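Undergrad: Handing you a structure now.
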Amino acid sequence: MKKFIPYLICLVLFTVFCCGIYGPVFLYLSQENYFAFDSEAMAFVLREPLGTLYWISRFLMLPLQNQWIGGIYLAILLTLLTWFTDRTLRVSSKWYGIGALLPACILIWAVSRGYNLFMRSEPSKVVFYIYVFLLLTGILALVISLFFKKKISAEKSFKWPVGLLCPILILVLLNVGAWIYRQNLILSCDMQNKLLIADWDGMIEDALKAKNPDKSIAAFHAIALNQKGQLLEKMFEIDYDFPPTKLDDKDGLDESENFTAECNLFSCLPQPAYHYALCQQVVEGPRLRFLKMMIICSALQQEDALCSRYLAFLDKMPFQHEFVETWERRLENPQLTAEDPTMVRILQQVSFEDGFENDYARPCYIGFNLGVRRATPETLKASMAAALYCKDLDNVIFRAAYLKQIEALPTYVQEALVVASAKRPEILQQFPEISDMMKIRVSSFANEASPYLEQEDTSEVYEALYEKWGNSFLYYYYFGNRNRAVQDGFVTAVN
């Protein structure tokens, strides 16, 4: 019995990683998967090199649709791979567990890939590699046991496996390193998983955990705040100086693929959301996340026949029948959609304008909110947030005149108006609700920030000002998100 202790230790360590630290990433991988037993439905995979093997590995990914089941499933596979490797190497009990170095290398590879683990990449590769090495080591272990039956040495008693110390150290460092170097990936995947169950508070908490949030975290944070009706009160609680995301250079791909469809949908732009999801389906083949997006968007646009076709396609995938039944009922009775709190909040931002997607600047969820002139109160709030994010003071002034008619102007908006009044003093007369305390606050910020206005080194500015002023439009306008980006050939004012 003692000889199994090293493998139980490995099982615990792999479970901690696969269920805990990297559990959200493996769970999200299931949303990038699509599997059906129908070979015609899987033609997009089968025509690729190693297509049949990837078809099988996508099937073997299905347990990942539950974080705990999927994590324990992966941990068992990795522990079994450890045992097979030990058997292949014919190690003595002193070195039991040294085979964990092989599965640890697979996990290190998965962590090193970052967003490339699933963005424009075969999502089942990590499972594929695990099973490939399981098969190879299993065959080797069997052959060796059959043809090399002589024992390595006669062992009088079980020896504590000192060889296990190295894999333990590597796995502990892997857990720590994954959280340090892949924190944004882990949190953004967790936020996407929580978006599926409408856990807006959990998404906001995740965003606040990030030390240096990337674009994905900022996007899902904004969606959650918008669903909670808190966008204009809390949008600057996180830092918008996004770190560079290392992605494989494919067709100028940037990180926006990770959130554009969702941002469009939750801005009540179902057609742009559908269009984006459809384009990704064409490029990458069916994926669960985009397929569900197309179903929701076609239903919101009352494209019942189209929606039914997508539902039939999705129903070919195991464990998706509940989602299919839910939307089939909603097609029969649209009132059910109108009673869904998430859909209600989305539909509250419906546009009153007749326009085309290309009428607005890109990305559409920003361009629409900057350009819209006739909309609901909820859309007005979202468009004000877009103007603040883009540092578009003219748009802020224009929208504030309407916003003050339905609610008191939020702090961020008042700060923006006082900043704009430096060049247009009449603004303070147009908005008499701006208090003297707000003017004093802006003056205090100006005094503290003036020594840093010309500095290029943002790290020094951050240390000096962020703790006190970070959660304000004042800091964001002068020091936040200063990296200008080029997207689709257009230079944007913010990244």
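The values are calculated or read from the model by the stated rules, or taken from the named source; none is laboratory data. Worth saying up front: this structure is predicted, and the values here are computed from it rather than measured. Here the Cβ positions follow ideal geometry from the backbone for every residue, glycine too, while neighbour counts run over all protein chains shown.
Undergrad: For ILE434, all conditions in the list (1) within 22 Å of TYR476 (Cα to Cα); (2) of a type outside the set (Phe, Trp, Tyr); (3) in a helix (DSSP H, G or I) hold save one; what is the number of the exception?
TA: Answer for ILE434: the failing condition is (3).
Undergrad: Still on this model: Anything in segment 56-72 that is part of a loop (DSSP other than H, G, I, E, B) and surrounded by 20 or more Cβ atoms within 10 Å (Cβ to Cβ)? List them, or say none.
TA: Residue satisfying the conditions is MET61 alone.
Undergrad: Identify all residues within segment 203-250 that are more than 24 Å from ASN369 (Cα to Cα) and either in the same structural domain as TYR476 (by TED's automatic domain parsing) or touching a residue at least 12 places away in the same chain (Cβ under 8 Å) (or both); write none if there are none.
TA: ASP206, LEU208, LYS209, ALA210, LYS211, ASN212, PRO243, THR245, LYS246, LEU247, ASP248, LYS250
Undergrad: Given the conditions (1) part of a helix (DSSP H, G or I); (2) modelled with pLDDT under 90; (3) under 29 Å from GLU257 (Cβ atoms), report the number of the one that ARG87 does not fulfil.
TA: Status for ARG87: all satisfied but (3).
Undergrad: If you don't mind, there's one more thing I want to ask. Please specify each residue of segment 73-92 satisfying the condition of being surrounded by fewer than 24 Cβ atoms within 10 Å (Cβ to Cβ) and charged (D, E, K, R).
TA: Residues satisfying the conditions are ARG87, ARG90.
Undergrad: How about segment 103-124: which of its residues are buried (at least 17 other Cβ atoms within 10 Å of the Cβ) and without any contact (Cβ under 8 Å) to a residue 12 or more places away in the chain?
TA: ARG113
Undergrad: Take ARG289 and decide whether it is under 27 Å from TRP55 (Cβ atoms), touching a helix residue (DSSP H, G or I) at 6+ places or on another chain (Cβ under 6 Å) and touching a residue at least 60 places away in the same chain (Cβ under 8 Å).
TA: Considered against the rule, which asks whether it is under 27 Å from TRP55 (Cβ atoms), touching a helix residue (DSSP H, G or I) at 6+ places or on another chain (Cβ under 6 Å) and touching a residue at least 60 places away in the same chain (Cβ under 8 Å), ARG289 comes out as yes.
Undergrad: If you don't mind, another one. Specify the residue that is modelled with the highest pLDDT; the eligible residues are those in segment 93-102 that are surrounded by 17 or more Cβ atoms within 10 Å (Cβ to Cβ) and within 39 Å of the chain's Cα centre (by Cα).
TA: LEU102
Undergrad: Select from segment 387-431 the residues that are within 18 Å of TYR478 (Cα to Cα) and not in a helix (DSSP H, G or I) and list them in ascending order.
TA: Correct list: CYS390, LYS391, ASP392, SER421, ALA422, LYS423, ARG424.
Undergrad: Can you pull out every residue in segment 28-55 that is in contact (Cβ under 8 Å) with a residue 60 or more places away in the chain, in a helix (DSSP H, G or I) and surrounded by 16 or more Cβ atoms within 10 Å (Cβ to Cβ)?
TA: Residues satisfying the conditions are TYR28, LEU29, SER30, GLN31, GLU32, VAL45, TYR54.
Undergrad: I'd like the full set of residues that are over 14 Å from CYS268 (Cα atoms) and either in a strand (DSSP E or B) or at pLDDT below 80 (or both), limited to segment 357-372.
TA: Answer for segment 357-372, where residues must be over 14 Å from CYS268 (Cα atoms) and either in a strand (DSSP E or B) or at pLDDT below 80 (or both): ASN358, ASP359, TYR360, ALA361, ARG362.
Undergrad: Can you tell me how many residues within segment 1-27 are hydroxyl-bearing (Ser, Thr, Tyr) and not in a helix (DSSP H, G or I)?
TA: Qualifying residue count, segment 1-27: 1.
Undergrad: Right, something else. For segment 271-297, give me each residue that is surrounded by fewer than 22 Cβ atoms within 10 Å (Cβ to Cβ) and either under 19 Å from VAL344 (Cα atoms) or touching a His at 6+ places or on another chain (Cβ under 8 Å) (or both).
TA: Once the filter is applied, which keeps residues that are surrounded by fewer than 22 Cβ atoms within 10 Å (Cβ to Cβ) and either under 19 Å from VAL344 (Cα atoms) or touching a His at 6+ places or on another chain (Cβ under 8 Å) (or both), segment 271-297 yields GLN271, LYS292.
Undergrad: Something else: Determine if segment 335-349 includes at least one residue that is farther than 23 Å from LYS194 by Cα and not polar (S, T, N, Q).
TA: Checked against the condition, which is being farther than 23 Å from LYS194 by Cα and not polar (S, T, N, Q), segment 335-349 yields no hits at all.
Condition check ((1) at pLDDT 95 or above; (2) under 20 Å from SER383 (Cβ atoms)) across all residues:
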| site | (1), (2) |
| --- | --- |
| LEU208 | yes, no |
| HIS221 | yes, yes |
| GLY229 | no, yes |
| TYR240 | no, yes |
| LYS246 | no, no |
| LEU253 | no, no |
| ASN264 | no, yes |
| LEU269 | no, yes |
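Undergrad: Can I ask one more? Does PRO270 fit the bill of being free of Cβ contacts under 8 Å to residues at least 60 places away in the same chain, under 19 Å from the mean Cα position of the chain (by Cα), outside the structural domain of ALA385 (by TED's automatic domain parsing) and over 24 Å from MET42 (Cβ atoms)?
TA: no
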